[in-house]
Amino acid sequence: MFDTDVVVIGAGPAGLAMSACLSGRSIDHVVLERAEVANSWRTERWDSLRLLTPNWMTRLPGAGYTGDDPDGYMTAGEVVGMLDRYAGRVQAPVITGAGVEAVVTGEHGYIVCSTAGSFAARAVVVATGACSDPRIPSLGAELPAALHQLASLHYRNPAGLPNGPVLVVGASASGVQIADELSRAGRHVTVAVGRHTRLPRTYRGRNIHAWMDDLGLLDMRYDSVDDIAKARRWPSLQLVGSPEQRTLDLNALRANGVQLVGRLAGVSGGRGQFAGSLASMCADADLKLGRLLDQIDLLADAYAGPDEARPEPTLVPEPATSVDLSRFSTVVWATGHRPAYPWLEPELLDRRGAIIHDGGVMSRPGLYALGLPFLIRRKSSFLDGVGPDATELAHKIVQHLDRSRRELAGTGA
C-alpha cells in the first residue's frame, strides 16, 4: 500500500494540469495512467485530426504556446509531443500501466486500487474526461449484417474503410470532419443530421474563438447558466482546424457532394428511417448562430472592425426519409461518447453514468472531477480550460486536506 495526499486518475491534459497545480502547492500526489501519457491522443484520434482551437489557446498551468504559428492548429501527434514535454517540465509523478480497478472508502480517505498497486489518499481527482466509450444507438444492432460499422473513435482514414458509399450518423465536429475527408477522398457520403452547433471558422477577420474569448463566453461559469445539465450536453462545435482556416458546415459539405438526411430514427426491412426534422434542426442552429454573430457585430463595430457578410442560411434539400441501407458499405457512428467509470461507486453517478458534481466537487468529501464539459467554465474541456479549473480545484483540495488534518488531530489518530 502506497500513501499519498492525492491520487489523480488520468495523465491527459487535465491530469497533468492538476499535477502542476498540486506540485505548485507542495502537495504530495501521484498520477495514475492506464497506458501512456496522453494515451487517448495517441490511440483514439484519426490520422488527419487537428485541434479545433487555435494554437494560442494551447495553454496549461505555467506553459503557453511559444511557436511561430499562433493561429494554426496542432495535429494529434503535436499534441502528444507537447503533453510529453509538459509532463517532464512539471515533473509530474506519473505511474504508467496503472489501470484503476476501484476507488473505495478508506480509513482516512480513499483507497485507489490499480494494476500497479493500491494507493491510500485523502483526496482523489478523476481526470479521465467524458469520452470513455462510443455512444452507439441500440438500433445499430438492427442494421444489415453486411454493413461495416465503426465508431468515430475507431476511424483512422478513408483507406481503412471498405470500398463503397458511407453513411455518417451525426453532424457535430467529428461527423462533419469525417464526412468531409471521405468526400474529398472520392467517397459517396450521406450524413444523418441531428442537433448541431454551427459556427464559421472566422468572422470579420478573426478566429471565432477569439471573438468568443473577447465576449467572455468561454469563461462563462456553470453557476451562471439557467440549465447547466442541458449546457453540458450541448453538441460539439461544427468546426475544423485546417491550415486554410476554412469553414466546415452543412453548406460546405453539400457543395462537395455530400447528401444530407434527417436524424436516423429507426431501421425496418433493411431500410433506414430518417426523421423529417432536418429543416427545423438547421433552422435552430442558424438561429443560435445569428444570436452569436449579433454579439460579435456589436463588439466589432465598437472597434471599427471590417465588415463581412454573414454565412448563408443552411440550404436544406428535400431529404429522403427512407433509404435502402444496402446501398452503403459502411456506417460511421459519430454520435458522441458515453461516460464509463466502472471503478466508481454507483451512487456517485447519474442515470446516464456521468459523474454527479458541483463545479468539479463530487458528492463525497475529497472526491473531485476535472476535464468534463462545462465543469466550471464553458471552456472546461478545452486545453485552454483545464488549467483555470485545475487551479480552482487545487484550492478546494488544500482546504479539504487542512480540514482532514485538523479532524485527525482532534481524534488523536
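Just a few scattered comments:
- The lone criterion from (1) among the hydrophobic types (A, V, I, L, M, F, W, C); (2) modelled with pLDDT of 95 or more; (3) more than 17 Å from residue 262 (Cβ to Cβ) left unmet by residue 299 is number (2).
- Inside the stretch 110-141, residues that are farther than 19 Å from residue 41 by Cα and at pLDDT 95 or above make up a count of 16.
- Tally, over the stretch 54-108, of residues that are basic (Lys, Arg) and surrounded by fewer than 18 Cβ atoms within 10 Å (Cβ to Cβ): 2
- The listed residue being farther than 28 Å from residue 222 by Cα, small (Gly, Ala, Ser) and under 27 Å from the mean Cα position of the chain (by Cα), out of 334, 275, 354: 275
- Output for the stretch 399-413, where each listed residue is at pLDDT 95 or above and either within 22 Å of the chain's Cα centre (by Cα) or surrounded by 16 or more Cβ atoms within 10 Å (Cβ to Cβ) (or both): 400, 401
- Here residue 351 clears all of (1) over 30 Å from residue 192 (Cβ atoms); (2) in a loop (DSSP other than H, G, I, E, B) except the condition numbered (1).
- Residue satisfying all of: in the stretch 249-276; among the aliphatic types (A, V, I, L, M) and assigned to a helix (DSSP H, G or I); surrounded by the most Cβ atoms within 10 Å (Cβ to Cβ) among these: 250
- The condition of being crowded, with 22+ Cβ neighbours inside 10 Å and either modelled with pLDDT under 95 or closer than 26 Å to residue 236 by Cβ (or both) holds for only one of 22, 51, 32, 16, that being 16.
- Any hit, the stretch 336-343, residues being outside any loop (DSSP other than H, G, I, E, B) and either out of contact with any Asp or Glu (no Cβ under 7 Å at 6 or more places or on another chain) or surrounded by 17 or more Cβ atoms within 10 Å (Cβ to Cβ) (or both): yes
- Hits in the stretch 277-317 (condition: buried (at least 16 other Cβ atoms within 10 Å of the Cβ) and either β-branched (Val, Ile, Thr) or not in a helix (DSSP H, G or I) (or both)): 277, 296, 305, 308, 311, 314, 316
- Filter result for residue 76 (among the small types (Gly, Ala, Ser), touching a Leu at 6+ places or on another chain (Cβ under 8 Å) and at pLDDT 95 or above): yes
- Condition check for residue 308: of a type in the set (Asp, Glu) and assigned by TED's automatic domain parsing to the domain that holds residue 19: no
- Count of the stretch 114-127 residues which are over 11 Å from residue 2 (Cβ atoms) and part of a strand (DSSP E or B): 4
- Filtered by the rule that a residue be in contact with a helix residue (DSSP H, G or I) (Cβ under 6 Å, 6 or more places away or on another chain), assigned to a loop (DSSP other than H, G, I, E, B) and not β-branched (Val, Ile, Thr), the stretch 201-238 gives 204, 215, 218, 236.
Residues are listed down the side, and each one gets a yes or a no for (1) in the same structural domain as residue 272 (by TED's automatic domain parsing); (2) closer than 21 Å to residue 173 by Cβ; (3) outside any loop (DSSP other than H, G, I, E, B):
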{"position": "347", "(1), (2), (3)": "no, no, yes"}
{"position": "365", "(1), (2), (3)": "no, no, no"}
{"position": "372", "(1), (2), (3)": "no, yes, no"}
{"position": "384", "(1), (2), (3)": "no, yes, yes"}
{"position": "387", "(1), (2), (3)": "no, no, yes"}
{"position": "391", "(1), (2), (3)": "no, no, yes"}
{"position": "396", "(1), (2), (3)": "no, no, yes"}
{"position": "401", "(1), (2), (3)": "no, no, yes"}
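- Single match in 122, 89, 198 (criterion: over 26 Å from residue 395 (Cβ atoms) and of a type in the set (Lys, Arg)): 198
- Counted residues, the stretch 59-94 - those being part of a strand (DSSP E or B), in contact with a helix residue (DSSP H, G or I) (Cβ under 7 Å, 6 or more places away or on another chain) and either within 30 Å of residue 249 (Cα to Cα) or without any contact (Cβ under 8 Å) to a residue 12 or more places away in the chain (or both): 1
- Positions within the stretch 360-385 being in contact with a strand residue (DSSP E or B) (Cβ under 8 Å, 6 or more places away or on another chain), among the small types (Gly, Ala, Ser) and either surrounded by fewer than 19 Cβ atoms within 10 Å (Cβ to Cβ) or closer than 22 Å to residue 225 by Cα (or both), in sequence order: 360, 363, 369, 385
- The listed residue being under 30 Å from residue 75 (Cβ atoms) and not charged (D, E, K, R), out of 359, 366, 371: 371
- Cross-chain or 6+ apart pairs with Cβ under 6 Å, the stretch 227-247 first and assigned by TED's automatic domain parsing to the domain that holds residue 207, then part of a loop (DSSP other than H, G, I, E, B) and surrounded by fewer than 15 Cβ atoms within 10 Å (Cβ to Cβ): 231/225
- Test: residue in the stretch 42-58 that is of a type in the set (D, E, K, R), in contact with a Ser or Thr (Cβ under 8 Å, 6 or more places away or on another chain) and touching a residue at least 60 places away in the same chain (Cβ under 8 Å): yes
The values are calculated or read from the model by the stated rules, or taken from the named source; none is laboratory data. The structure displayed is predicted, hence computed values, not measured ones. Cβ coordinates were reconstructed from backbone atoms using ideal geometry, including for glycine residues, and neighbour counts include every protein chain displayed.
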